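So the structure is just underneath, and the comments pick up after that.
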Amino acid sequence: MQLSAWTMSVPLSSWGQPTEPTDSTMKEKNLEGVVVKAARGTRSLTRVESVDIIGQNQLIRAACCNLGESFTANPSVDVSYSDAATGARQIKLLGLSGTYVQMLTENVPNLRGASLPYSLGYVPGPWMQSIQVSKGASSVKNGYESTTGQINIEFIKPQATDGIRANAYLDNELKQELNLDGSIHLNSRLSTGTLLHFENRQTDHDGNGDGFMDMPKIRQYNLMHRWAYVSPVWISQLMIRVLRDERTGGQSEKHSGSLTEPIYTTMVNTDRIEAQWKNGFTINADHNTSIALMLHGSWHDAENRFGNTLYDVTQKNGYAQLMFETDLTERHNLSVGASVNHDDYQEKGSPSLQLNLLNHETTAGIYAQYTYKLGDRLTVMPGIRWDHSSLYGGFFTPRLHVRYSPWEMLTLRASAGKGYRTPHPLAENTTLLASGRTVIVGTDLQQEEAWNMGLSAGLHLPIKGKTLELNAEYYYTDFVHQTVVNFDGNQGEHTLAFENLQGKSYSHTFQIDATYPFFDGFTATGAFRLNDVKCSYDGELRQKYLTSRYKGMLTLSYKTPLELWQLDMTGQLNGGGKLYDRTDYPAYFQLQAQVTREFRHFSIYLGGENLTNYKISEPIQHAHHPWSPSFDATQIWGPVTGAMAYIGIRIRFEKL
């Protein structure tokens with residue numbers, strides 16, 4: 001029997017996972033008939049969708065303390081701080097906010113709603129086996145919420161590992177992290193694993209002397225326990241996870257003696273519990289006929305305080321999906337299924353806040369997806385789903401993907417589809433409360449609705465015995481309905497209004513990238529992206545705030561012939577954009593590097609981030625008067641801290 005590590009992680013095609021390994025460079029070890037493949041990131045060649053796959057070997061090319069720091073070398077995904085008070089990071093894909101990216105954990109919708117503002121910090125880097133970034137309209141299997149794409153996180157599987165691993169990290173700001181995970185095979189079919197994460201930073205850091213901490217004090221406890229049962233006809237995976245996250249920021253205590261006003265502090269305390277159970281049954285292996293049941297439930301409670309503004313939110317979520325898939329013939333595949341999702345929000349806050357009235361929603365839906373595959377040359381995948389929301393009634397989600405490869409070296413893709421989502425303004429945007437603005441929430445917010453269309457071309461050219469990978473892509477997103485965040489608009493100066501779109505809102509994104517291995521062990525990737533993102537505010541079409549017009553990236557990676565040393569460097573040029581008052585902010589360049597030394601059972605890594613030491617001189621407006629309406633810590637367009645150095649060690653004792 002030959003089972004690769006990726007096959008064990010995704011035993012059934014009906015679970016909607018990639019059907020190829022997560023790396024282009026493979027190292028094989030034959031272990032009692034099992035082939036374990038270690039891999040690095042690549043772009044999927046055979047999937048009909050446009051998917052970037054970030055494998056473990058790419059994840060360790062940077063410190064990768066959490067999900068938010070995992071896209072450093074990925075040109076498609078932008079990650080930045082959303083404010084200068086809480087340390088929350090936000091993601092952007094195709095030039096649009098992460099609210100339009102559907103987050104999945106092992107192909108189950110997750111990290112949405114109230115968990116969205118800080119979700120990138122909830123997934124420790126050492127826990128991840130791989131990340132799949134799907135751009136544009138995605139499969140209808142996972143629901144209707146994907147507009148600009150999906151990000152699926154695959155955690156380390158107990159059935160794919162057997163042993164103990166650890167990772168310790170320390171940086172010059174005295175942030176400490178410790179990760180431990182262990183797994184054991186109880187027998188040939190049953191395995192279990194536990195993953196632990198602890199991070200802590202309690203330093204009072206104020207690099208620019210404005211009286212505010214540049215980074216909040218953070219303490220997080222994170223635990224996951226999972227079981228896996230793998231047999232020829234039944235595969236079951238059970239996961240339970242518990243999280244406690246504490247963030248404290250605001251004015252620095254060491255300056256409190258010179259203040260004439262009460263000290264301004266921020267506090268975010270989060271407790272989260274979630275459980276996930278996936279079952280897959282093979283009915284007919286010859287026709288890849290299978291049925292799968294996926295269940296997920298979560299309880300998320302967050303207490304937020306920004307000065308005198310209090311906002312507490314509790315979200316309870318339950319999700320179930322039943323899937324059936326079969327190969328009708330060698331060329332024809334059919335997948336059908338049904339799902340139900342229930343959200344319950346409980347919000348409490350200061351009298352000045354207008355709390356969301358859409359607190360309960362149950363959405364049930366059915367879908368069908370057909371795939372026609374003509375060898376490796378042509379794949380056509382239309383899909384449609386119908387859902388019924390207890391708030392908005394019934395709606396259809398059509399999507400279409402086409403992949404055509406006229407020659408072995410050329411791959412063309414096209415996609416089109418719709419996405420919908422229910423807005424929860426305060427729960428999803430709590431970081432915007434770090435300002436003196438008056439918050440106004442519209443009482444008649446519509447369900448968000450948008451079309452996304454994309455074209456891409458991938459060319460693999462043989463040059464001097466090696467392959468040059470060229471990719472070009474264009475995506476267009478057009479909103480039919482959208483919840484717009486309007487600053488200082490018709491509602492008055494120093495206001496923040498959540499309101500329905502009146503006019504147009506769209507995004508044009510064009511990207512080109514190239515990868516080439518110049519010689520053994522050395523690979524370079526260059527990329528450039530243009531963004532044209534505009535939205536109507538008060539009837540006027542303007543450039544989207546805090547959205548860079550372009551991005552350039554160059555990554556260099558070198559591993560010595562004996563693979564004992566690895567050197568990685570990434571440079572990013574981030575284009576300028578507009579602030580809330582429509583003034584321009586400039587372009588800036590960032591550099592990060594890391595060197596890793598491998599030993600038999602451990603590795604040591606040393607690196608630095610923002611080595612150009614570029615940072616915003618005044619990330620917080622009116623920092624000396626935080627109780628005034630002009631105070632604003634949310635207009636973050638670049639780094640808020642200077643150069644940072646770190647050191648870490650990875651230890652592994654795996655049973656082979």
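The values are calculated or read from the model by the stated rules, or taken from the named source; none is laboratory data. In this text, all values refer to a predicted model and were calculated from it rather than measured experimentally. Positions of Cβ are generated from backbone atoms using ideal geometry, with glycine treated the same way; all protein chains shown enter the neighbour counts. To get the accessible areas, we keep the full protein, side chains included, count just its heavy atoms, and leave off ligands, DNA and RNA. Shrake-Rupley method; radii C 1.70, N 1.55, O 1.52, S 1.80 Å.
The sole residue among R403, R385, R413 that is within 26 Å of S115 (Cβ to Cβ), of a type outside the set (S, T, Y), part of a strand (DSSP E or B) and in contact (Cβ under 8 Å) with a residue 60 or more places away in the chain is R385. Residues in the range 163-214 that are of a type in the set (F, W, Y) and under 16 Å from P124 (Cα atoms): Y169, F198.
Please specify each residue of the range 212-249 satisfying the condition of being open to solvent by less than 20 Å² (accessible area, probe 1.4 Å), of a type outside the set (A, V, I, L, M, F, W, C) and farther than 30 Å from G307 by Cβ. R226, S231, S236, Q237, R241, listed by residue number. Return yes when L174 is on the phi < 0 side of the Ramachandran plot and open to solvent by 50 Å² or more (accessible area, probe 1.4 Å) and no when it is not. Judged against the criteria, L174 is not a match. Within the range 289-314, restricting attention to residues that are buried (at least 21 other Cβ atoms within 10 Å of the Cβ) and touching a Ser or Thr at 6+ places or on another chain (Cβ under 7 Å), the residue that is farthest from N359 (Cα to Cα) is S290.
Table: residues versus (1) closer than 30 Å to Q369 by Cα; (2) in contact with a helix residue (DSSP H, G or I) (Cβ under 8 Å, 6 or more places away or on another chain); (3) assigned to a strand (DSSP E or B).
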residue: Q237; (1), (2), (3): yes, no, yes
residue: R241; (1), (2), (3): no, no, yes
residue: I273; (1), (2), (3): no, no, yes
residue: W277; (1), (2), (3): yes, no, yes
residue: Q315; (1), (2), (3): no, yes, yes
residue: S339; (1), (2), (3): yes, no, yes
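Cβ-Cβ distances below 7 Å connect the following pairs, each with a first residue in the range 636-650 that is under 26 Å from P586 (Cβ atoms), a second residue that is buried (at least 21 other Cβ atoms within 10 Å of the Cβ) and of a type in the set (D, E), and a separation of six or more residues or different chains: I636/D83; V640/D214; T641/D214; M644/E609.
A single member of Q90, Q56 is within 16 Å of the chain's Cα centre (by Cα) and either within 23 Å of R219 (Cβ to Cβ) or free of Cβ contacts under 8 Å to residues at least 12 places away in the same chain (or both), and it is Q90. Open to solvent by 60 Å² or more (accessible area, probe 1.4 Å), at pLDDT 95 or above, touching a strand residue (DSSP E or B) at 6+ places or on another chain (Cβ under 7 Å) and part of a strand (DSSP E or B): is that true of L606 in this structure? So L606 passes the test.
Annotation note: Cβ proximity below 6 Å between a residue of the range 203-227 that is assigned to a loop (DSSP other than H, G, I, E, B) and a residue that is among the basic types (K, R) and open to solvent by less than 40 Å² (accessible area, probe 1.4 Å) (sequence gap 6+ or interchain) occurs for P216/R247.
Yes/no matrix, rows are residues, columns are (1) assigned to a loop (DSSP other than H, G, I, E, B); (2) surrounded by fewer than 20 Cβ atoms within 10 Å (Cβ to Cβ); (3) without any contact (Cβ under 8 Å) to a residue 40 or more places away in the chain; (4) not charged (D, E, K, R):
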| residue | (1), (2), (3), (4) |
| --- | --- |
| L541 | no, yes, yes, yes |
| T547 | yes, no, no, yes |
| G552 | no, yes, yes, yes |
| T555 | no, no, no, yes |
| Y558 | no, yes, yes, yes |
| P561 | yes, yes, no, yes |
| Q566 | no, no, no, yes |
| T570 | no, no, no, yes |
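Which residue, of Y169, Y144, is in contact with a Cys (Cβ under 8 Å, 6 or more places away or on another chain), open to solvent by 10 Å² or more (accessible area, probe 1.4 Å) and touching a residue at least 12 places away in the same chain (Cβ under 8 Å)?
Working: Y144 fails: in contact with a Cys (Cβ under 8 Å, 6 or more places away or on another chain).
Within the list Y169, Y144, the selection yields Y169.
Of the set (1) of a type outside the set (V, I, T); (2) modelled with pLDDT of 90 or more; (3) surrounded by fewer than 17 Cβ atoms within 10 Å (Cβ to Cβ), all apply to G209 but (2). Inspect the range 497-506 for any residue being open to solvent by 20 Å² or more (accessible area, probe 1.4 Å), free of Cβ contacts under 8 Å to residues at least 60 places away in the same chain, closer than 30 Å to L554 by Cβ and out of contact with any Gly (no Cβ under 8 Å at 6 or more places or on another chain) and give the result as yes or no. Yes, there is a match, as at least one residue in the range 497-506 is open to solvent by 20 Å² or more (accessible area, probe 1.4 Å), free of Cβ contacts under 8 Å to residues at least 60 places away in the same chain, closer than 30 Å to L554 by Cβ and out of contact with any Gly (no Cβ under 8 Å at 6 or more places or on another chain). Against the conditions (1) more than 22 Å from I164 (Cα to Cα); (2) surrounded by 21 or more Cβ atoms within 10 Å (Cβ to Cβ); (3) modelled with pLDDT of 95 or more, N200 satisfies every one except (2). Of the listed requirements (1) aliphatic (A, V, I, L, M); (2) in contact (Cβ under 8 Å) with a residue 60 or more places away in the chain; (3) under 19 Å from L243 (Cβ atoms), I156 misses just one: (2).
Residues are listed down the side, and each one gets a yes or a no for (1) in contact with a Cys (Cβ under 9 Å, 6 or more places away or on another chain); (2) closer than 30 Å to M267 by Cβ; (3) open to solvent by less than 10 Å² (accessible area, probe 1.4 Å):
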{"position": "T46", "(1), (2), (3)": "no, no, no"}
{"position": "V51", "(1), (2), (3)": "no, no, yes"}
{"position": "G55", "(1), (2), (3)": "no, no, yes"}
{"position": "R61", "(1), (2), (3)": "no, no, no"}
{"position": "L67", "(1), (2), (3)": "no, yes, yes"}
{"position": "D83", "(1), (2), (3)": "no, yes, yes"}
{"position": "Q90", "(1), (2), (3)": "no, yes, no"}
{"position": "Y100", "(1), (2), (3)": "no, yes, no"}
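Within the range 350-377, being at pLDDT 95 or above and in contact with a Gly (Cβ under 8 Å, 6 or more places away or on another chain) holds for G365, I366, Y367, A368, Q369, Y370. Counting only strands (runs of 3 or more DSSP E) that sit wholly inside the range 461-506, those with at least 3 residues that are modelled with pLDDT of 95 or more and farther than 23 Å from T634 by Cβ are 466-481.
Inclusion of D181 among residues that are part of a loop (DSSP other than H, G, I, E, B) and surrounded by 15 or more Cβ atoms within 10 Å (Cβ to Cβ) is not warranted.
So that you can scan it fast, the table gives a plain yes or no per residue for (1) open to solvent by 30 Å² or more (accessible area, probe 1.4 Å); (2) within 30 Å of V484 (Cα to Cα):
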site	(1), (2)
S390	yes, yes
F396	yes, yes
R403	no, no
P406	no, no
P423	no, yes
P462	yes, no
K466	yes, no
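When the range 477-496 is filtered for residues that are among the aliphatic types (A, V, I, L, M) and either under 22 Å from F395 (Cα atoms) or open to solvent by less than 10 Å² (accessible area, probe 1.4 Å) (or both), the ones remaining, listed by number, are V480, V484, L496. Scanning the range 121-141 for residues that are open to solvent by less than 10 Å² (accessible area, probe 1.4 Å), outside any strand (DSSP E or B) and within 20 Å of S298 (Cα to Cα) gives Y122, V123, W127. Against the test of being of a type in the set (A, V, I, L, M, F, W, C), buried (at least 18 other Cβ atoms within 10 Å of the Cβ) and either modelled with pLDDT of 95 or more or part of a strand (DSSP E or B) (or both), the options A527, A514, A593 yield a single qualifying residue, A527.
Taking the range 59-70 as the range and being free of Cβ contacts under 8 Å to residues at least 60 places away in the same chain and not acidic (D, E) as the test, the residues that pass are N66, G68.
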